[in-house]
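Novice: Pasting a structure here, questions to come.
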Amino acid sequence: MSLHLFNSLTRRVEAFQPADPARTTMYVCGPTVYNYVHIGNARGPVVFGVLADLLRRRFGTLAYARNITDVDDKINAAASEAGVPIGDITGRYARAYREDMAALGVPPPDLEPEATAHIGPIISMIERLVESGHAYVAEGHALFSVASFDRYGALSRRDPDDMLAGARVDVAPYKRDPGDFVLWKPSTGDLPGWDSPWGRGRPGWHIECSAMAAAHLGETIDIHAGGVDLQFPHHENEIAQSECAHGGRPFARFWLHNGMLNFGGAKMSKSLGNIEKVHDLVRAHPPEALRHALLSAHYRQPLDWSDGLIEQSVRTLDRLYGTLRDLGDAPAVPAIPAALDAALDDDLNTPQALAEIARIAGEARKATSPDERSRLKSELLGAGIALGLLQQDPAAWFARGAGNQDDARIQALIDERIGAKQARDFARADAIRDRLAAEGILLEDTPQGVRWKRGLSH
């Protein structure tokens with residue numbers, strides 16, 4: 001089966017091939033670096049990172065860009081509140097973002113353009129829009145004229161008037177139409193700014209992505225991806241300004257949007273305050289379990305986030321790593337199974353891919369012949385590679401949190417329990433098990449001996 005993806009622009013699943021066989025291009029909207037990102041912001045990088053690996057396997061090459069927005073009013077506000085230069089805020093949180101994504105197993109993109117490094121291309125794009133009549137200047141602002149683009153609203157499939165009614169739109173007297181959006185705005189002396197034909201100022205958010213995508217990937221890109229909450233107005237505005245700046249050429253051939261995370265029955269968002277920061281979660285839970293949880297639902301569907309979901313992912317990975325540990329003597333050459341690749345080719349069906357991993361592990365636990373054990377171990381490791389899972393040594397997985405425990409003491413208690421069972425002192429054996437369980441140490445009696453792992457303490 002060839003790769004098929006759901007294209008938000010056409011509202012259907014379509015076979016994907018790059019326009020240029022020698023260079024596949026993908027742009028994913030990255031963070032605005034004024035604070036730590038929440039776990040909902042990590043879903044796109046995780047899912048589209050899996051897609052990036054798949055594109056490389058299918059087509060051999062990929063230019064994958066994920067931007068950093070480092071000029072924004074939220075950044076200005078954070079710097080003002082902290083009483084520090086704006087660069088301190090953007091530098092700190094850009095580093096934190098990279099570290100947190102790495103903890104989740106998200107490899108860095110090929111390109112990570114920053115908005116402040118692209119002021120020249122941004123100004124040039126705005127100039128073309130003004131010259132062609134798609135933008136105008138008013139009171140130090142450059143604004144895009146939505147009425148000048150007759151395909152506005154094609155991505156979100158809503159009438160512009162309806163879209164504006166449900167959106168936060170800055171209604172200003174200098175606008176010709178309420179839906180017109182800012183390309184450039186003036187900066188006071190205390191704010192970051194650059195010289196431009198319209199005075200000292202800074203770019204609007206939407207124009208940044210259009211200019212960075214064109215600068216690094218070309219005027220028409222294969223895939224543009226991001227959260228569904230960006231579909232309007234951000235992506236709609238990107239299409240309008242890019243296509244008008246480039247003579248009507250399509251901006252992106254495929255649009256992919258991941259669904260939102262829900263927490264406590266509502267969409268996770270900073271404005272509601274119902275967020276869990278990745279920076280905190282990767283320190284409180286095994287990061288691989290967080291990654292597994294983010295892949296557990298189809299990327300286009302909402303995902304209900306909870307402690308229960310994380311614990312379920314930990315238990316699932318316990319079983320999978322336990323299977324790999326029991327296959328430890330079997331030689332293996334990781335190979336991605338055809339059935340798992342077929343699941344990913346079907347619009348990144350990660351739930352089906354995870355089900356395939358579970359099936360392979362189930363067969364592996366029953367396998368007895370050396371050839372079957374070796375084959376299934378190779379498939380299990382290969383399946384893990386495709387999803388960014390199961391790449392640790394099993395001993396390292398089960399030793400998580402080892403720095404807070406006395407391994408020798410635990411093993412001594414386990415040995416004492418074994419001796420008590422051999423002496424038929426079952427009361428003592430049960431008491432030791434209960435004591436260890438209270439500390440979060442779980443025991444598993446297997447044909448190969450007693451295994452132990454760290455779980456949740458009581």
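The values are calculated or read from the model by the stated rules, or taken from the named source; none is laboratory data. Computed from a predicted model, the values in this text were never measured in an experiment. Note: ideal-geometry Cβ built from the backbone for every residue, glycine included; neighbour counts use all protein chains shown. Note: accessible area is taken over every heavy atom of the protein model, side chains too, but ligands, DNA and RNA are not part of it. Shrake-Rupley method; radii C 1.70, N 1.55, O 1.52, S 1.80 Å.
Novice: Just give me the residues in the stretch 301-320 being acidic (D, E) and either outside any helix (DSSP H, G or I) or open to solvent by less than 20 Å² (accessible area, probe 1.4 Å) (or both), in sequence order.
Specialist: Once the filter is applied, which keeps residues that are acidic (D, E) and either outside any helix (DSSP H, G or I) or open to solvent by less than 20 Å² (accessible area, probe 1.4 Å) (or both), the stretch 301-320 yields D304, D318.
Novice: Something else now. Under 8 Å between Cβ atoms, which residue pairs at least 6 apart in sequence (or on different chains) link something in the stretch 240-252 that is in a loop (DSSP other than H, G, I, E, B) with a partner that is open to solvent by 20 Å² or more (accessible area, probe 1.4 Å) and of a type in the set (S, T, Y)?
Specialist: H246/T220; R249/T220; P250/T220; F251/T220
Novice: Within the set of pairs 6+ apart or on separate chains, which have a first residue in the stretch 426-451 that is within 18 Å of R319 (Cβ to Cβ), a second that is open to solvent by 70 Å² or more (accessible area, probe 1.4 Å) and hydrophobic (A, V, I, L, M, F, W, C), and C-beta atoms under 6 Å apart?
Specialist: Hits for this filter: G440/L456.
Novice: Which of (1) more than 21 Å from A225 (Cα to Cα); (2) out of contact with any Ser or Thr (no Cβ under 8 Å at 6 or more places or on another chain) is the odd one out, the single condition I75 does not satisfy?
Specialist: That leaves (2) as the condition not met.
Novice: Answer yes or no: is there a residue in the stretch 278-294 that is acidic (D, E), in a helix (DSSP H, G or I), touching a residue at least 60 places away in the same chain (Cβ under 8 Å) and surrounded by 20 or more Cβ atoms within 10 Å (Cβ to Cβ).
Specialist: The answer is yes, given that some residue of the stretch 278-294 is acidic (D, E), in a helix (DSSP H, G or I), touching a residue at least 60 places away in the same chain (Cβ under 8 Å) and surrounded by 20 or more Cβ atoms within 10 Å (Cβ to Cβ).
Novice: When the stretch 361-400 is examined, which residues are found to be out of contact with any Lys or Arg (no Cβ under 8 Å at 6 or more places or on another chain), part of a helix (DSSP H, G or I) and small (G, A, S)?
Specialist: Once the filter is applied, which keeps residues that are out of contact with any Lys or Arg (no Cβ under 8 Å at 6 or more places or on another chain), part of a helix (DSSP H, G or I) and small (G, A, S), the stretch 361-400 yields G362, S374, S378, G382, A383, G384, A386, A396.
Novice: Which numbered condition in (1) over 24 Å from A245 (Cβ atoms); (2) out of contact with any Lys or Arg (no Cβ under 9 Å at 6 or more places or on another chain); (3) not in a helix (DSSP H, G or I) is the only one that G105 fails?
Specialist: Answer for G105: the failing condition is (2).
Novice: Shifting gears a bit: Quickly run through the stretch 343-360 and pick out the residues that are in contact (Cβ under 8 Å) with a residue 60 or more places away in the chain, part of a helix (DSSP H, G or I) and open to solvent by 10 Å² or more (accessible area, probe 1.4 Å).
Specialist: L354
Novice: Okay, moving on. Filter the stretch 326-339 down to residues that are open to solvent by 60 Å² or more (accessible area, probe 1.4 Å), modelled with pLDDT of 95 or more and either among the basic types (K, R) or not in a helix (DSSP H, G or I) (or both), then give me how many there are.
Specialist: Number satisfying all stated conditions: 3.
Novice: Restricting the search to the stretch 209-227, which residues are surrounded by fewer than 18 Cβ atoms within 10 Å (Cβ to Cβ) and assigned to a helix (DSSP H, G or I)?
Specialist: Scanning the stretch 209-227 gives no hits.
Novice: Out of A438, A420, A429, report the one residue that is loosely packed, with under 15 Cβ neighbours inside 10 Å and over 30 Å from A338 (Cβ atoms).
Specialist: Of A438, A420, A429, the one residue that is loosely packed, with under 15 Cβ neighbours inside 10 Å and over 30 Å from A338 (Cβ atoms) is A438.
Novice: Keeping to the stretch 83-107, report how many residues are open to solvent by 50 Å² or more (accessible area, probe 1.4 Å) and touching a strand residue (DSSP E or B) at 6+ places or on another chain (Cβ under 8 Å).
Specialist: Matching residues across the stretch 83-107 total 0.
Novice: If you go through the stretch 31-73, how many residues are over 26 Å from W305 (Cα atoms) and open to solvent by 50 Å² or more (accessible area, probe 1.4 Å)?
Specialist: Of the residues in the stretch 31-73, 6 are over 26 Å from W305 (Cα atoms) and open to solvent by 50 Å² or more (accessible area, probe 1.4 Å).
Novice: Testing G204 on (1) at positive phi; (2) without any contact (Cβ under 8 Å) to a residue 40 or more places away in the chain, one condition comes back false. Which one is that?
Specialist: It is condition (1) that G204 fails.
Novice: From the residues in the stretch 145-181 that are open to solvent by less than 40 Å² (accessible area, probe 1.4 Å), part of a loop (DSSP other than H, G, I, E, B) and touching a helix residue (DSSP H, G or I) at 6+ places or on another chain (Cβ under 7 Å), which one is modelled with the lowest pLDDT?
Specialist: Checked the stretch 145-181; the qualifying residue modelled with the lowest pLDDT is A167.
Novice: Next up: Could you give me the residue pairs with C-beta distances under 7 Å whose first residue belongs to the stretch 307-318 and is closer than 19 Å to P394 by Cα, whose second residue is of a type in the set (K, R) and not in a helix (DSSP H, G or I) wherever it lies, and which are 6+ apart or on separate chains?
Specialist: Matching pairs, first to second residue: D318/K453.
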